[in-house]
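Visitor: First, the structure itself, so that you have it in front of you.
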Amino acid sequence: MNVPPETRAWPAEGLTRVPYWIYQDEDIYRREQELIFRGATWTFLGLEAELPGPGDWKTTFVGDMPVVVARDANGALHAFENRCAHRGALLCLKSRGNSKEIACIYHNWTYDLAGNLTAVAFRRGIRGKGGMPADAEPESQAPCKLRLATYHGLVFGTLSAKTPPIEAYLGPEIAARVRRVMKAPVRILGGYSQMLPNNWKLYLDNVKDTYHASLLHLFFTTFRINRLSQDGGVIVGGDGGNHVSFTLRGTGTRGEEYEQAGVRSARDGYRLEAPELLEAVDELGDGITLQILAVFPGFVLQQISNCLAVRQVIPKGVGRTELVWTCFGYADDDDAMTARRLRQANLIGPAGFISMEDGAATGFVQRGVAGAPDRSSVVEMGGREVGSDPSRVNETSVRGFWQAYRRHMGL
Amino acid sequence: MSPAVAVDIGLQLAVEQLLARYAHCLDDDRLEEWPEFFADAARYRITTAENLERNLPLSIVHADSRAMLRDRVSALRHANIYEAQRYRHLVSATLVERIDAAMVRAVSNFAVVRIMHTGESMLFASGRYLDRIRLAGERGEPQFEERIVVLDSRQVDTLLAIPL
């Protein structure tokens, strides 16, 4: 739908309200592409371990823009728009591959792995006939090149010259929490995508909402992987758009607060027949059993016990989002650790004992607000400010996301 | 001897009956009976063709035992939140190969239509079942020692609650 611009005013309450037209409006979606995804932000493109050798490439997206990420013969990474300078066809059709150069399938225009146009088929014609004028400049329509930043095995790209260096963009506290997980070379265990029936920002609202975790996800709560009454906290970094939430092992109370509040997720009679599913080791040595970290606009780094994953949030139109999951371990994992990570992966993804509900809940919001573009969600848990907090009965990082979003969008 | 004659029709039918009973069990929402199709130490996985081709071990669902399957059923019944929905399995093109006197290998195709309580139907999943079947399982009936569900696509719509 299109909401008339004159009614698109942010509610006077500010950060504690998010108007529902923000998830529905086609014009907002177009402006997000320009001002956020092609603006001064870092988009996560993948793990370096996905492109281990010279000539390796993969395709992904920066917002709607298709991009190629490639490692050249010298080992340097590059990223460029997946669009031929000639007629705009995709250059790479597959999700990944390995080659010395890239040739457009349409008219065989050829590019090196840095995205430079190196050859135009029959540029001078055949036997003096046909071909392009001598002063033609097809290079003027060359695919855009992205600026890249790699940070401890993570690859980010940006199309703006104004985006700050990656470490400054993350902020010191978030950067430290990235390094905590990306502490050693990683090994890819596999991946899949979850197609979410909602606007991309609703997924970020969900990831940043530490308040819902123990209320929506009964599986978590019952087995005491995460109780709000366990110790932990939320750290908001960058300009509000980045956050990390974490839980410490077994330091909480028995969760009587839940029973007293009578919340649905407090049923304690439920036990696993095969508790090896949750068998975990404190491999990082700091007692943190859960760390969810998000970087504006659409990157999530996850440690749930020994289940490590990156998630890429890719908008696919106003009401549809692709969530790309890639699970990994460390290159020096033994077989027992790999088996543990694979078992714990039952917690995540579209069939995850925890994550399945996020896909459902965000879709419920998209459907619930269909007739209410002029109404707003209430984001007042933990106060009205943006800041770090030891309590996770809190929506501070949701407010942080919207603070960053509004700044980028000029709203 | 022509290939048609070489097919052990009794064996083929026994496997196809197992696959059919399995499909009806899930489609009829008799989830509590579903783990009984598997041996005690059975392996059940849902993965993607892409992971399989790239030799990557990650699964969407991963179980090493029937107990883990029972846990998934009780989580679906008592813990997880998802909208009411049903599946309709279409299973076909079953190829059966004997491993030895007790065991067979089977490959079959499946398509699963998901019917939401709202009435919305969609082709939810397609793929292959890669099965290892013990012909005389615990109750004398064929039983899965291993069932690997290979999804053709890497994309799953919204969530995958009910098993495939």
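Visitor: In segment A:329-346, how many are closer than 25 Å to A:L218 by Cα, more than 9 Å from every other protein chain (Cβ to nearest Cβ) and touching a Phe, Trp or Tyr at 6+ places or on another chain (Cβ under 9 Å)?
Guide: 0
Visitor: Of the residues that make up segment A:355-365, is at least one assigned to a loop (DSSP other than H, G, I, E, B) and within 9 Å of another protein chain (Cβ to nearest Cβ)? Step through it out loud before you land on a result.
Guide: From segment A:355-365, those assigned to a loop (DSSP other than H, G, I, E, B) are A:355; that's our starting set.
Next, from what is left, pick out any that are within 9 Å of another protein chain (Cβ to nearest Cβ): A:355.
Yes: one or more hits.
Visitor: Residues that are more than 14 Å from chain A (Cβ to nearest Cβ) and surrounded by 20 or more Cβ atoms within 10 Å (Cβ to Cβ): which helices (runs of 4 or more DSSP H) entirely in segment B:1-96 hold 1 or more of them?
Guide: B:9-27
Visitor: Take A:S377 and tell me if it is part of a loop (DSSP other than H, G, I, E, B) and farther than 26 Å from A:T60 by Cβ.
Guide: no
Visitor: Let me ask another. Quick check on B:V73: is it over 20 Å from B:V15 (Cβ atoms) and β-branched (V, I, T)? Reasoning before the result, please.
Guide: Values: over 20 Å from B:V15 (Cβ atoms): yes; β-branched (V, I, T): yes.
Taking the combined requirement at face value, the residue satisfies it.
Visitor: Regarding A:D374, is this residue within 9 Å of chain B (Cβ to nearest Cβ), in contact with a helix residue (DSSP H, G or I) (Cβ under 9 Å, 6 or more places away or on another chain) and modelled with pLDDT under 95?
Guide: Judged against the criteria, A:D374 is not a match.
Visitor: So, A:G383, is that one over 19 Å from the mean Cα position of the chain (by Cα), without any contact (Cβ under 8 Å) to a residue 24 or more places away in the chain, under 28 Å from A:V18 (Cβ atoms) and within 14 Å of chain B (Cβ to nearest Cβ) or not?
Guide: Working: over 19 Å from the mean Cα position of the chain (by Cα): yes; without any contact (Cβ under 8 Å) to a residue 24 or more places away in the chain: yes; under 28 Å from A:V18 (Cβ atoms): yes; within 14 Å of chain B (Cβ to nearest Cβ): no.
Judged against the criteria, A:G383 is not a match.
Visitor: Sticking with this one: Determine whether A:G319 is within 10 Å of another protein chain (Cβ to nearest Cβ) and in contact (Cβ under 8 Å) with a residue 40 or more places away in the chain.
Guide: Spelling it out, it is not the case that A:G319 is within 10 Å of another protein chain (Cβ to nearest Cβ) and in contact (Cβ under 8 Å) with a residue 40 or more places away in the chain.
Visitor: Among (1) under 28 Å from A:L215 (Cα atoms); (2) surrounded by 19 or more Cβ atoms within 10 Å (Cβ to Cβ), where does B:V112 come up short?
Guide: In the conditions (1) under 28 Å from A:L215 (Cα atoms); (2) surrounded by 19 or more Cβ atoms within 10 Å (Cβ to Cβ), B:V112 misses (1) alone.
Visitor: Got a sec? Which of A:G319, A:G349, A:G252, A:G269 is closer than 18 Å to A:L218 by Cβ, assigned to a loop (DSSP other than H, G, I, E, B) and at pLDDT 95 or above? Let's see the steps before the verdict.
Guide: Working: A:G319 fails: closer than 18 Å to A:L218 by Cβ; A:G252 fails: at pLDDT 95 or above; A:G269 fails: at pLDDT 95 or above.
Checking each option against the conditions leaves just A:G349.
Visitor: Further question on the same structure: When the residues of segment A:301-355 are narrowed to those that are farther than 25 Å from A:R179 by Cβ and basic (K, R), which ends up surrounded by the most Cβ atoms within 10 Å (Cβ to Cβ)?
Guide: A:R343
Conditions (1) of a type in the set (S, T, N, Q); (2) surrounded by fewer than 16 Cβ atoms within 10 Å (Cβ to Cβ); (3) closer than 30 Å to A:V378 by Cβ, marked per residue:
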{"residue": "A:G14", "(1), (2), (3)": "no, yes, yes"}
{"residue": "A:Y29", "(1), (2), (3)": "no, no, yes"}
{"residue": "A:V67", "(1), (2), (3)": "no, no, no"}
{"residue": "A:G75", "(1), (2), (3)": "no, yes, no"}
{"residue": "A:C84", "(1), (2), (3)": "no, no, no"}
{"residue": "A:Y106", "(1), (2), (3)": "no, yes, no"}
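Visitor: Given the conditions (1) basic (K, R); (2) surrounded by 13 or more Cβ atoms within 10 Å (Cβ to Cβ); (3) over 30 Å from B:A49 (Cα atoms), and given that A:K129 satisfies all but one, which numbered condition is not satisfied?
Guide: Result: A:K129 passes all but (2).
Visitor: Shifting gears a bit: Quick one: in segment A:31-42, of everything that is more than 11 Å from A:S160 (Cα to Cα) and touching a helix residue (DSSP H, G or I) at 6+ places or on another chain (Cβ under 8 Å), which residue is surrounded by the most Cβ atoms within 10 Å (Cβ to Cβ)?
Guide: A:E32
Visitor: Cβ-Cβ under 9 Å, sequence separation 6+ or interchain: first residue in segment B:75-96 and over 19 Å from B:D28 (Cα atoms), partner of a type in the set (F, W, Y) and assigned to a helix (DSSP H, G or I). Which pairs?
Guide: B:A79/A:F219; B:N80/A:F219
The values are calculated or read from the model by the stated rules, or taken from the named source; none is laboratory data. Here the structure is a predicted model, which is why all the values come from computation and not from measurement. Please note: Cβ atoms are built from the backbone with ideal geometry, for glycine as well, and neighbour counts cover all protein chains shown.
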